[in-house]
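Only one structure is covered here, and it is reproduced in the block below.
Values quoted throughout were computed directly from the atomic coordinates according to the rules given, and no laboratory measurement underlies them. Remember, predicted model here, so these are calculated numbers, not experimental data. Methodologically, a virtual Cβ is constructed for each residue, glycine included, from the backbone with ideal geometry; neighbour enumeration extends over all protein chains shown.
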Amino acid sequence: MDERSTQYIMMHLQKEDVQARILQNIQKGRDEAAVTISRAAKLFDFTENKLRDWEEQGFLTPLRSGGAQGRRLYPLNELDKLAIIRELINDGYTRSDIPPNINEIWRTAYSLRRQTVPLQAIPAPSSLSDEPIDQRLEKARDEMFWRYYASQVLRLSLMLICEEMSDTDAGLILPLCESADIGPIENINDIAKLSEALLCRLDKNRSSQVLLSSYPTFQVPSDYRLLPLTAMTEDQPDEAPGDATLIFLDRRSRRLSLSAKVVKTIQSLLRPLYDEKAMLRQCFGVGMRDVVSSPMDIAGDEDVVLTGLVDMVVRLGGQIDEQPRWRFCYILTPQNSHLPLHQNILVVRVRNSKQPPYKLGSPAIPPDEYSASIEALESSHIIYFPKTLGPGPAISYRKQEEQESLGSILAIPIGGEDGLAIAVLCIKASQVHAFSEVDLRILRIMCKMIEERIRISYVQQQIGQKLSEVIEQPDLVNSFFEKFFSKNDFFKDFEGLLTGIYVSDLPSDEQQDSAESRSVSTEEIVGNVVSFIALDVDKQSSIANIYGDLVAKNLCREVGL
């Protein structure tokens, strides 16, 4: 099969009249869902023998009722494929010209036309992109946050939905088309009406996949059931849905119950995705994406994703009188991660990009905000001051009217659920009592995303350190014990000593021959005295349990030295 044929097929499938004919044939096929071979052949004017030949070649994969020898049944996706094949054959293409993944090529072509990005010509390999490299990288950084936020918020939302159903597959469907154009979506077969949707699927092992589909269908729709995202009891809605989001579940899973609190939190987190449809198409649409890595460096540039997350926090707070309800948002981390918390100071790690009042890497923030943040970090409790001085860069520099204004401060520890917190999210509002219980739920989920990003960034930074040492000393992993020989070195030396003892027991002429073969003198191996001294550090397990593995490791090193 020629690559150029595939490209010409792509161009042909983007033509308006071609797409209209294929859609008409697809609809004809859908009206006869899961049809027999005779009906499928009649629908698209093929012979039954032709369809059997294509099945033997692996080009078609119909279902079989009652096992391998059962009657052939052609499901929706196979009927769609036949509709596309009919159009191409009518236009003069042969079977050998048509690739097995013609369904995917059709969906790509249809999606490109909907995005008004027609393929004008077949580009040469050297000119696939004329966009300057610096502009392309800047665009990739802009897309980086939305890919992260969309994938993480969908995954966490599904984990929240399925927290009591850990043994099932589940997914979310976010229709990006106007619901008025497609009518109500009430069962799993109706999702084919959606011309565009963002989907996320969560597996039983809690891995997730996010994709943008211009033609969402399931190969076997009966394997799933469809529910609206709303408060429900045993699959029965308790209230009308607040948005168009849909949930699909494995049909074998138990019935779903969702509280209004869970639903409202998820809907608030998903709302920005509905507001940024164009960005989602850019991030998850057809085509390859540039990969950008942004490791955490407190002394360098701001992390793209973390900055986007604190901007999102401000956005989720809403507006009052066309002004953000939450004015400032920033992340504080200990300045020195090796020092105990009571000896550390907090510095601004990330700040929102619109109105940044504080300098990165600086502890210079107002005392009320600092005291709330340090207490939140040390206690792993949320600290809330519902009424305090209004926002400003520093108390001593505030104007009189700023000092007389009131606001709210909220400090949330990040990562303090099962141990020590690693950072603090501090938010300053211009109004008193600006944070409700609903807000706290949303912010706690945002903190989960921030925590994951910070931990990943720290790991990326550590992996990138001391790379030159790997080249210079490939046999040394931990330089902390560089002065000590390894067990491998001990075995090697001990083997040499045993060899010396063996040589010293040989007759003198054989000693000389053995020594020469090893490039050592007989004087070096005869008459040596070997001694071993062993030191045992008692109660290492209890020391490690009380003070941690690092303390036990340091103790062993000091004893060894």
*Evaluate the distance, in nm, between pseudo-label points positioned 7 Å from the Cα of residue 222 and of residue 151 along their respective Cα→Cβ axes.*
3.6
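Tell me, what is the FRET efficiency for residue 487 and residue 544 to the nearest 0.05, using R0 = 22 angstrom and their Cβ-Cβ distance as r? Intermediate values should be presented prior to the final figure.
Numbers: r = 20 Å, r/R0 = 0.92.
In this case the efficiency is close to 0.60.
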*Per residue, how big is the convex hull around the C-alpha atoms of the range 199-252? Give it to me in cubic angstrom, could you?*
114
*How do 164-177, 248-261 rank on mean C-beta neighbours within 10 Å, highest first?*
164-177, 248-261
*What pairs from 204/428; 264/359; 487/539; 448/487; 354/448; 15/277 go past 31 Å between their alpha carbons?*
204/428; 264/359; 448/487
*For the range 321-379, divide the Cα radius of gyration by the Kirkwood radius and give the resulting Rg/Rh value with two decimals.*
1.02
*Out of residues 5 or more away from residue 347 or on other chains, whose amide H comes under 5 Å of its own, with H placed 1.01 Å from N in the peptide plane?*
333, 335
_Sites residue 189 and residue 59 - FRET efficiency at Förster radius 25 Å, r taken between beta-carbons, to 0.05_ = 0.45
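How would you rank 52-58, 329-335, 489-495, 379-385, highest first, on the average number of other Cβ atoms within 10 Å across their residues?
Details: 52-58: 12.7, 329-335: 23.4, 489-495: 10.7, 379-385: 16.4.
Answer by packing, highest mean first, reads 329-335, 379-385, 52-58, 489-495.
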_Suppose the chain between residue 497 and residue 134 were pulled fully straight at 0.36 nm per residue; how much longer would it get relative to their current alpha carbon spacing?_
124.4 nm
